[in-house]
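Trainee: What follows is a structure written as structure tokens; I'll ask about it next.
The values are calculated or read from the model by the stated rules, or taken from the named source; none is laboratory data. Just so it is clear, the model here is predicted, and its values are computed rather than measured. Note that we place each Cβ from the backbone using ideal geometry, even for glycine, and neighbour counts take in every protein chain shown.
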Amino acid sequence: MENPQVLADSSQGLSVFMPILILMVLGVVIFWGAVLVAGLIRPSKPSKLKQTAYECGELPVGQAWSHFNIRFYVTGLIFIIFDVESALMFPAASVFKKLNSIGLGGLALIEILLFVMILVAGIAYCWSKGDLDWVKSLSSKEK
Amino acid sequence: MLVVAIEKERTFEKVAIVSFLTILFILSALLMLVSCLALLLTKNIMHACTFLLAALLGVAGLYLTLHADTLAVTQVLVYVGGVVILMLFAVVLTGGQDQESITKEKFPHLAPLFGSKSTFLKAFLVSMIFFVAAASLLRLGEKEIVHVVAVNYAPTIQSLGQLLMTDYLFAFELVSVLLLGALIGAALIARPMKK
Amino acid sequence: MTDNMPQFFQELFHLETSDCLTFLFYFIGAFILVNIASVIGGLATYAERKISADMQLRIGPNRVGPYGLLQFLADGAKMLMKENIMPLMADRFLFNIAPMLCLVGIFATLAVLPISGNLTLAHLDVGVFYVVAISSLVGLGIFLGGYASNSKWSLLGGMRGASQIISYEIPVVISILSIVLLSGGTSFKTIVHHQGGLPHEWFVLHNPFTFIAFIVYFIGSLAEANRAPFDLPEAESELVSGYHTEYTGMKFAFFALAEYVEVFVLCGVGATLFLGGFNVPFGLDTFLSKTPFPLLAEVVQLGAFFTKTFALYYLVIVIRWTLPRLRVDQLMSLCWKYLTPIALFNLIGTAIWMVYFHDQSIVEIIKAAGSHAGGGH
Amino acid sequence: MVSLSSFLFLSFVLFLTGLMLVLGRKSIIFVLIGLELILNAAALNFVAYSRFVTEKLDGHLFALFIIVIAAAEAAVALALAIRFYQLKETTHLDELSELKH
């Protein structure tokens, strides 16, 4: 079944990813199927008033895409640095037990310790500079 | 066995067996190509981020066809779950998509490369044709090397981790210093300005 | 031991293995799994309303079907009939894509959910890593949903929801890392293989660090599914149900379904990582697999997996009606100032424990010490 | 048949799209999207060669490091873009003309 060229099968046969593809296609098909079927059944009388954004009854004021505070970005920034760290840690962690069993555990521990501690230093810096707290009222900072 | 002849190689008679590998390759390549084209044509920046997401998922699918499952999952985790969300935040924080993002006016004094969208499409098509012609020319000489994957080519997460922790240890630690620098730098830049 | 589900059935019914037969088995398995997950999502809404009713001394839904069991079907039908209103200035393309992204993200994690030894659809080598990666699509779907509906409330709700989900993903991933550290592999099969059937053999009681990791994982997964004390993005009182304010009809139904199925998937992964997944105590499943009906072993393993998952799900529902909602800054500071440092030091603690005690759990150490002391006289 | 040249073709298309986005667009975010595509094209080439030619895992690790560094780079670049927007109220690249704001 496998591509004849790949004789010695490496990690796993590629057919193990088949259900993932099937489920993703199933998700898309179910979503669009239900939306289209519902489109046929239900009434559709669009009216100007019905299509205004919901603002607890009043008429919406101003453009939605207004200016936002930057703390959303700082959270995302710290997230992506730790996301990348965990992406690198997964291969390292999955091999730690084997290294430990052949006696290299101490060395592997020091490697992981070094890797994590450097990033803990990063989050300590952000904590001390007040990047982690959500409501940054500058006035309270000066007092 | 679903036997379908996809293409007859000129150099030798080979009936391609439709295996899951080819289906996965075609689907992810198609997804990537369509989203790349859409990226070129769209003006709305939020649509651009969504098409970037689709292109990156396509590349993750291509990694799967290359038996690199760890890389495909890292790509999805880091890019799809991190970089694209960060870009969406950045787009909202830089005033949505009211700016004009395509060079409308022509740059007579500059090379046509900086021309309007249409010149880009023409350039894109010309380079496609050139590449396909070159590839088919070269392919004549290239005999299909029957390719056997060596047994030790097992790109599992364990073998990758072992290589990472032994041979590439210095790079592993250096990357954490780089991430520290990126974190502190970006936090410093993105701190709210004290007016 | 067959390595994937189609081979298991092909040997069971003595069929010759062929390519399209594998595809057929995978397709039927995937279709059944999707339906089971949707029904579980629906029943979860029913269970939630019934349990909250009991806790508030009132009777939950009991009109539709016996004891109100078909209530979620009635809700589904109602959603089908609702008119699909799209706000005027909304971004039509993104407005439709957002719920689809959420749904595809959740259904893709179902492929790897370790229901039982042979019935799980895909035994990926990178199982846990894959679940963490694909479930980050949900945060994206929520943000796009909030952005596309062109109203200040839903945009604010979408941004808050996305930033909450992505920031709580870090403690969850780091606590999962300490389990991967302990079991030496990211595939669900090795993780479950390293745990036994009885509670003392589970990872949650393996050492104090994994116990803390379970608590951090549970809190993080509550926040990641916008549940219980962390449901600020869709808080009815403040943001008028946040990012899916402008959604009506089936798109809103799919957002809600994705949320409930995500809680089920997170509870399932939590049960597998910390509570021994489909391991059956006293080796009942190995005994049954030797009898002429190997399917019985699968049924027993299914039972073990679903009881553990529904126990966690019950805990999630009870927590929702006991704890008040957190403010945004409390929510974020809890994540970054408490959960992430705890999870990081937990990871180091697990590594030190493994090096010092050579991967032994507390019970094994006590036994070893006991036998050593006993035999040493 | 899935062979090395098909992957080279795909990464060529990725690289080309990225290059055209970087050169042809005037908004900072578009340029960053183009940059991400170029980095992905390079990583795809590494893995393709490691699968078809060298059969060693170094290509995979190199692609892993490319992904990690591209994420860190995107974080810093987007921080710069936001700060630029705060100063100049626009993300149009023509405004980025003076060295001192």
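The rows are residues; the columns are (1) surrounded by fewer than 21 Cβ atoms within 10 Å (Cβ to Cβ); (2) within 11 Å of chain B (Cβ to nearest Cβ); (3) modelled with pLDDT under 90.
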| position | (1), (2), (3) |
| --- | --- |
| C:Ile85 | yes, no, yes |
| C:Phe93 | yes, yes, yes |
| C:Ile115 | no, no, yes |
| C:Tyr147 | no, yes, yes |
| C:Ser151 | no, no, yes |
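Trainee: Would you mention how many residues in region D:1-17 are crowded, with 19+ Cβ neighbours inside 10 Å, at the interface with another protein chain (Cβ under 7 Å from one of its Cβ atoms) and polar (S, T, N, Q)?
Mentor: 1
Trainee: State whether the residues of region D:31-52 include one that is at the interface with chain B (Cβ under 7 Å from one of its Cβ atoms), more than 19 Å from B:Thr65 (Cβ to Cβ) and without any contact (Cβ under 8 Å) to a residue 12 or more places away in the chain.
Mentor: no
Trainee: Still on this structure, I have one more. Any idea which of (1) modelled with pLDDT under 75; (2) under 20 Å from C:Leu103 (Cβ atoms) is the one A:Val25 doesn't satisfy?
Mentor: The single condition A:Val25 does not satisfy is (1).
Okay, residues lined up against (1) within 8 Å of chain A (Cβ to nearest Cβ); (2) within 20 Å of C:Phe293 (Cα to Cα); (3) without any contact (Cβ under 8 Å) to a residue 24 or more places away in the chain:
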{"residue": "C:Gln7", "(1), (2), (3)": "no, yes, yes"}
{"residue": "C:Gln10", "(1), (2), (3)": "no, yes, yes"}
{"residue": "C:Leu15", "(1), (2), (3)": "no, yes, yes"}
{"residue": "C:Leu21", "(1), (2), (3)": "no, no, yes"}
{"residue": "C:Tyr26", "(1), (2), (3)": "yes, no, no"}
{"residue": "C:Ala30", "(1), (2), (3)": "yes, no, no"}
{"residue": "C:Val34", "(1), (2), (3)": "yes, no, no"}
{"residue": "C:Ala37", "(1), (2), (3)": "no, no, no"}
{"residue": "C:Leu43", "(1), (2), (3)": "no, no, no"}
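Trainee: Now a separate question. So is A:Ile70 surrounded by 14 or more Cβ atoms within 10 Å (Cβ to Cβ), at pLDDT 80 or above and at the interface with another protein chain (Cβ under 7 Å from one of its Cβ atoms) or not?
Mentor: no
Trainee: Among B:Leu40, B:Leu31, B:Leu57, B:Leu27, which is the only one that is closer than 16 Å to C:Ile134 by Cα and touching a helix residue (DSSP H, G or I) at 6+ places or on another chain (Cβ under 7 Å)?
Mentor: B:Leu57
Trainee: Looking at (1) in contact (Cβ under 8 Å) with a residue 60 or more places away in the chain; (2) more than 14 Å from chain A (Cβ to nearest Cβ), which is the one condition that is false for C:Ser361?
Mentor: For C:Ser361, the failing item is (2).
Trainee: What's the total number of residues in region B:28-59 that are over 25 Å from D:Val31 (Cβ atoms), more than 7 Å from every other protein chain (Cβ to nearest Cβ) and crowded, with 17+ Cβ neighbours inside 10 Å?
Mentor: Final tally of qualifying residues: 1.
Trainee: Of the conditions (1) more than 30 Å from C:Met89 (Cα to Cα); (2) within 14 Å of another protein chain (Cβ to nearest Cβ); (3) among the hydrophobic types (A, V, I, L, M, F, W, C), C:Leu257 satisfies every one except a single condition; which number is it?
Mentor: The one condition C:Leu257 does not meet is (1).
Trainee: For region C:158-177, name all the residues that are more than 7 Å from every other protein chain (Cβ to nearest Cβ) and under 18 Å from C:Ile97 (Cβ atoms).
Mentor: C:Gly158, C:Gly161, C:Ile165
Trainee: Are there any helices (runs of 4 or more DSSP H) wholly within region C:265-377 with 3 or more residues that are over 27 Å from A:Gly105 (Cβ atoms) and hydroxyl-bearing (Ser, Thr, Tyr), and if so which?
Mentor: Of the helices (runs of 4 or more DSSP H) lying wholly inside region C:265-377, those with at least 3 residues that are over 27 Å from A:Gly105 (Cβ atoms) and hydroxyl-bearing (Ser, Thr, Tyr) span C:294-320.
Here's the yes/no breakdown for (1) farther than 23 Å from C:Met89 by Cβ; (2) at pLDDT 85 or above; (3) assigned to a helix (DSSP H, G or I):
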residue: A:Gln12; (1), (2), (3): yes, no, no
residue: A:Leu36; (1), (2), (3): yes, yes, yes
residue: A:Leu49; (1), (2), (3): no, no, no
residue: A:Lys98; (1), (2), (3): yes, yes, yes
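Trainee: Quick one: which residue in B:Thr74, B:Thr156 is of a type in the set (Ser, Thr, Tyr), surrounded by 12 or more Cβ atoms within 10 Å (Cβ to Cβ) and modelled with pLDDT under 90?
Mentor: Going through B:Thr74, B:Thr156 in turn, the sole match is B:Thr156.
Trainee: Here is a list: C:Leu80, C:Leu103. Which entry is at the interface with another protein chain (Cβ under 9 Å from one of its Cβ atoms) and modelled with pLDDT under 80?
Mentor: Criteria check complete, one pass: C:Leu80.
Trainee: Surrounded by 17 or more Cβ atoms within 10 Å (Cβ to Cβ) and more than 30 Å from C:Arg320 (Cα to Cα) - does that describe any residue in region C:28-46?
Mentor: yes
Trainee: For region C:202-232, what are the residues that are at pLDDT 85 or above and among the charged types (D, E, K, R)?
Mentor: Matches in region C:202-232: C:Glu224 only.
Trainee: Among the listed residues B:Ala171, B:Ala123, identify the single one that is assigned to a helix (DSSP H, G or I) and at pLDDT 90 or above.
Mentor: From the options B:Ala171, B:Ala123, the qualifying one is B:Ala171.
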